[in-house]
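Taking it in order: structure first as structure tokens, then the write-up.
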Amino acid sequence: MPMHTRRRVAIAQMLCLLSVAPVCAGDFYVITGAFPSQGAAQTEAALRGGWVLDTDVYPNLTPNTFAVVRGPFPVEADARKELKFLLSGSGYPGAYVKDAGKPRLGGNLGSAALRPQLLAALLGELSVEVTDHPGGGNPCEPQEPYQEVQISFVDLARSMDDKSNKVREEAKRKEVDVGAFRIIKRTGEIDRMRQCFE
């Protein structure tokens, strides 16, 4: 690396560390809640708005939690406008703006629309449950021990209350039907069976 390039990199790193300029600013979020479990955060987001962010995706957030957020915003001023709007309704006491940094996820995965921020949203909103099975119970399943993978998310279900004649809202978990999605325990192979004719 040429000397002038190394100097520029060193100056940018120093500014980042000193917080003199937004050289290393990442994604700004309005955080309205933080939860130890993904399910609790998903329920909160379904009932009160926002989406669930796994905080391990960003370096500047408290690890091992799930935050209910609005954003990401590219500049702090936009995040502050959203925070001001949320606080004006008095429904989000304790909400605050946070520069999460740059996401630790790679982007695109074959599609320009699948940015790191969208990947982060999907990871927070989808729950993955893995269940162990002995295998061999029927010809349409692996004949050795395997793990079955089920994907779900929390959505808002609305219904009419007959007594009060008002709309009720309830957070409900819905499964995503992706067919038989299994992991063979012995090899780690992912088995994606779509049809069984036996």
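The values are calculated or read from the model by the stated rules, or taken from the named source; none is laboratory data. Keep in mind the model is a prediction, meaning the values are calculated, not measured. In this analysis, Cβ positions are derived from the backbone assuming ideal geometry, glycine residues included, and neighbour counts consider all displayed protein chains.
Listed values, structure above:
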| read-out | value |
| --- | --- |
| Yes/no for Arg182 being under 24 Å from Gln38 (Cβ atoms), among the charged types (D, E, K, R), in contact with a Pro (Cβ under 7 Å, 6 or more places away or on another chain) and in a strand (DSSP E or B) | yes |
| Residues of region 155-168 classified as within 18 Å of Glu125 (Cβ to Cβ) and charged (D, E, K, R), total | 1 |
| Test: residue in region 70-87 that is in contact with a Pro (Cβ under 6 Å, 6 or more places away or on another chain) and touching a residue at least 40 places away in the same chain (Cβ under 8 Å) | no |
| Residue under evaluation Ala113, criteria (1) assigned by TED's automatic domain parsing to the domain that holds Gln38; (2) modelled with pLDDT of 90 or more, criterion not met | (2) |
| Every residue from region 112-134 that is surrounded by 16 or more Cβ atoms within 10 Å (Cβ to Cβ), touching a Phe, Trp or Tyr at 6+ places or on another chain (Cβ under 8 Å) and not polar (S, T, N, Q) | Ala120, Ala121, Gly124, Glu125 |
| Within region 136-158, considering residues that are surrounded by fewer than 17 Cβ atoms within 10 Å (Cβ to Cβ) and over 27 Å from the mean Cα position of the chain (by Cα), the one nearest to Gln38 (Cα to Cα) | Pro145 |
